[in-house]
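Just below is one structure, and these are the notes that go with it.
The values are calculated or read from the model by the stated rules, or taken from the named source; none is laboratory data. Just so you know, these numbers come straight off a predicted model, no measurement behind them. As a convention, Cβ positions derive from the backbone with ideal geometry for all residues, glycine included, and neighbour counts pool all protein chains shown.
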């Protein structure tokens, strides 16, 4: 018997996943392989994601909504803004989860969810999440931020405070300005050095293994 309803649910998630505007960089691109971002922006064919994987991503949105509702209810926290877009005409598009005030001090807040194995190893924010919150601090001119994680399996939480790092933001913005030039001039970026070194040693980095554009990337490397 065909799964009529499940198939329709999966199609909904797949269509939603493919709706993303390819004309702009997003804050969430910070920390990704720049070649993968290039492929996405240029509309290269990508590996289809299963409905189950997309539903897992959606679960993160539900966690975000629940935590935000709690922040609004805490007397000691003043939510200055939520789901706030960065200023227009910037290199990136993006929406910060929240700007809050505690004891008169402003913070950018980013809410993340994590599986149990990865959560237990967290001693600082993931590198991509560090870059993302740094860019939000940069564009909103808020000098500190908090990345908060919830364990999807146990609902345990961890938080990490970050201080604005102008040099890191300058580096990230410079890399994406270069990527913009490469996109406009049909120049495929190289594989990031840390991934290239692993591949040269015969290892397959997990970032490559699960990349939507692994097949396209492998073709280019094979022919180079």
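A few notes on this one:
- Within the span defined as the range 100-116, one or more residues are part of a loop (DSSP other than H, G, I, E, B), out of contact with any helix residue (DSSP H, G or I) (no Cβ under 7 Å at 6 or more places or on another chain) and within 19 Å of residue 61 (Cβ to Cβ).
- Selection within the range 1-29 - in contact with a helix residue (DSSP H, G or I) (Cβ under 6 Å, 6 or more places away or on another chain) and either at pLDDT 95 or above or assigned to a helix (DSSP H, G or I) (or both): 10, 13, 17, 27, 29
- When the range 188-214 is filtered for residues that are touching a residue at least 12 places away in the same chain (Cβ under 8 Å), more than 19 Å from the chain's Cα centre (by Cα) and either closer than 17 Å to residue 41 by Cα or part of a loop (DSSP other than H, G, I, E, B) (or both), the ones remaining, listed by number, are 188, 189, 190.
- As a summary of the residue check, residue 125 satisfies the conditions (1) in contact with a helix residue (DSSP H, G or I) (Cβ under 8 Å, 6 or more places away or on another chain); (2) closer than 30 Å to residue 206 by Cα; (3) at pLDDT below 95; (4) not in a strand (DSSP E or B) except for the one numbered (3).
- Which numbered condition residue 112 fails, given (1) surrounded by fewer than 21 Cβ atoms within 10 Å (Cβ to Cβ); (2) touching a strand residue (DSSP E or B) at 6+ places or on another chain (Cβ under 6 Å): (1)
- Flag if residue 170 is assigned to a helix (DSSP H, G or I), over 26 Å from residue 91 (Cα atoms) and without any contact (Cβ under 8 Å) to a residue 12 or more places away in the chain: no
- Conditions (1) buried (at least 19 other Cβ atoms within 10 Å of the Cβ); (2) in contact with a helix residue (DSSP H, G or I) (Cβ under 8 Å, 6 or more places away or on another chain); number of the one not met by residue 119: (2)
- The residue of the range 49-90 that is modelled with the lowest pLDDT, among those that are closer than 23 Å to residue 23 by Cα and part of a loop (DSSP other than H, G, I, E, B), is 49.
- Every residue from the range 85-103 that is touching a strand residue (DSSP E or B) at 6+ places or on another chain (Cβ under 9 Å) and within 20 Å of residue 161 (Cα to Cα): 95, 96, 97, 98, 99, 100, 101, 102
- Exactly one residue among 150, 162 is in contact (Cβ under 8 Å) with a residue 40 or more places away in the chain, surrounded by 11 or more Cβ atoms within 10 Å (Cβ to Cβ), touching a strand residue (DSSP E or B) at 6+ places or on another chain (Cβ under 7 Å) and not in a helix (DSSP H, G or I), and that residue is 150.
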